[in-house]
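Each value in this text was obtained by applying a stated rule to the coordinates, not by laboratory testing. Here the structure is a predicted model, which is why all the values come from computation and not from measurement. Reconstructed Cβ throughout: ideal geometry from the backbone, glycine too, with neighbour counts over all protein chains shown.
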Amino acid sequence: MAVTETVPTRAAPQDGVWRDLAQDRPQGRLPGDDRKRVAAALPEEQGWAGSVLVVGDPTHWVQVSAGEIVSFQSFLTGRIARALGAAEALDADALNDTMTQPERLATHLRSAELADGNAVLGHLIGAELAATRAFWLGADIRLVGSGALADAYEAALRAQAALVTRV
């Protein structure tokens, strides 16, 4: 088993060894490579507090305060979207429908599947944004990622008037 650190801890390790981060609630693991991405996305100001969204497989929402990673949550949204054959573009109506009623995600996905599948990604990201509201609402967000999935997250956050900077 790989050596890990637990949160809260410094975003950039003082000894230069990029270990995975672990937390118990919710149970999660932030790989060392994604921890590097978080540290690289932080602004130079010492007291910065906000969230870093690392878009990938999985996607990680990381809360940072004064250079420390204090908590994170990870999601399989991209993997589920691929498994369901989701279109790469974000459907704003689907995003809003599921953000307002995340408990109806399974029903929304079935409806999207029967229609044409174009709304799947919007529903999945909508459920994720509903679950991570504490990470992005009123927060300074640094989005790390490229490609269609990162574009969809950026569009979804901007649709919520979130303060997001792509790095």
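Points worth noting:
- Hypothetical label at ASP57: residues of the range 123-155 whose amide nitrogen lies under 20 Å (7 Å Cα-Cβ projection): 123-126, 128, 144-154
- Exposure proxy shown here: for ASP116, ASP91, ASP34, the number of other Cβ atoms within 10 Å sets the order, fewest to most, as ASP116, ASP91, ASP34.
- Here the 3J(HN,Hα) profile of the range 50-65, calculated from phi with Karplus coefficients 6.51, -1.76 and 1.60 at θ = phi - 60°, is x, 10, 10, 9, 9, 8, x, 10, x, 8, 10, 9, 10, 8, 10, 9 Hz, Gly and Pro shown as x.
- Applied to the range 95-110, the Karplus parametrisation 6.51 cos²θ - 1.76 cosθ + 1.60 on θ = phi - 60° returns per-residue 3J(HN,Hα) values of 4, 5, 4, 7, 5, 7, 9, x, 5, 9, 3, 4, 5, 4, 5, 5 Hz, with x for Gly and Pro.
- Compared with the alpha-carbon gap, the fully stretched path from ALA161 to ASP20 is longer by 47.5 nm at 0.36 nm per residue.
- Contact order for the chain, expressed relative to its length and based on alpha carbon pairs under 8 Å spaced 6+ residues apart, stands at 20 percent.
- The label point for ASP93 and the one for ASP33, both projected 7 Å from the Cα toward the Cβ, are 3.9 nm apart.
- Residue exposure proxy: HIS60, HIS108, ordered by other Cβ atoms within 10 angstrom of their Cβ from fewest to most, comes out as HIS108, HIS60.
- For the range 56-103, the set of GluC sites (Glu not before Pro) satisfying both a DSSP loop assignment and a count of at most 10 other C-beta atoms within 10 Å is empty.
- Long-range amide H partners of ASP140 with built H, under 5 Å: SER51
- Rounded to the nearest 500, the 222 nm mean residue ellipticity of the chain from helices alone is -11000 deg cm²/dmol, with -39,500 (n - 2.57) taken per DSSP H run of at least 4 residues.
- Taking amide H as placed 1.01 Å from N in the peptide plane, THR9 has its amide H under 5 Å from the amide H of ILE69, each at least 5 places away in sequence or on another chain.
- The chain: radius of gyration over Cα atoms, expressed as a fraction of 2.2 N^0.38 Å: 1.05
- The range 28-35 - phi-based ³J(HN,Hα) in whole Hz, Karplus 6.51/-1.76/1.60, Gly and Pro as x: x, 9, 9, x, x, 5, 6, 4
- The calculated FRET efficiency for LEU76 paired with ALA40, based on their beta-carbon distance and R0 = 22 Å, is about 0.40.
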